[in-house]
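Quick notes on the structure that follows.
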Amino acid sequence: MITRPLDLASQLRPPPRRTDWLHMINVVLIAFFFILFGSRFVLSPALMTDGESLRLPPGGASGASLVAASEVVSIKTNGQIFTDSGLVVSQEQLRVWFADKIARNPASALLIRADGGVPLDLVTQVTDAARREGFAQVSLAIESGRLATPSGGAGE
């Protein structure tokens with residue numbers, strides 16, 4: 001019985017011996033794009049706050065602005081507040097962090113990233129503290145779900 005009638009395997013070139021460098025270039029390019037598009041220098045969609053309230057823009061998402069935030073504060077559902085220097089334990093530490101960032105760059109813009117279950121009063125406290133320390137531009141980005149009202153229900 002003939003299993004290989006054309007003997008094509010003998011007509012093929014041997015595979016190249018060294019192609020590892022090509023794979024390393026691909027890995028470096030992929031890592032570069034993750035770093036580039038995951039940075040805070042890329043414009044991030046957020047809702048602007050006017051210092052008085054957290055109102056949705058008219059017209060839904062088309063009214064949301066793109067903001068290049070120079071500073072980022074993350075608020076987790078359990079009430080923990082994170083900055084680029086780590087966990088903030090008290091409101092006083094947060095105020096000092098805000099003052100330090102404004103002293104370094106008076107034109108800083110702040111992006112507050114909040115999980116869906118964060119109480120609205122906590123977000124308002126952080127926003128007010130940032131405005132008092134001198135941030136002229138404060139943006140809010142809710143990462144999942146809705147903000148919780150102080151009574152524990154979902155915000156409107």
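Quick notes
- From the list ARG13, ARG4, ARG55, ARG17, the one residue that fits, being part of a loop (DSSP other than H, G, I, E, B), at pLDDT below 65 and more than 13 Å from the chain's Cα centre (by Cα), is ARG55.
- Take the conditions (1) at pLDDT below 80; (2) open to solvent by less than 100 Å² (accessible area, probe 1.4 Å); (3) among the β-branched types (Val, Ile, Thr); THR83 misses just one of them, which is (1).
- Considered as a group, the residues in the stretch 93-124 that are loosely packed, with under 15 Cβ neighbours inside 10 Å and within 12 Å of ILE75 (Cβ to Cβ) include one that is modelled with the highest pLDDT, and that residue is ASP121.
The values are calculated or read from the model by the stated rules, or taken from the named source; none is laboratory data. None of the values given here were measured: they were computed from a predicted structure. With ideal geometry, Cβ positions are generated from the backbone for all residues, glycine too; neighbour counts draw on all protein chains shown. Heavy atoms of the whole protein, side chains included, go into the accessibility calculation; ligands, DNA and RNA do not. Shrake-Rupley method; radii C 1.70, N 1.55, O 1.52, S 1.80 Å.
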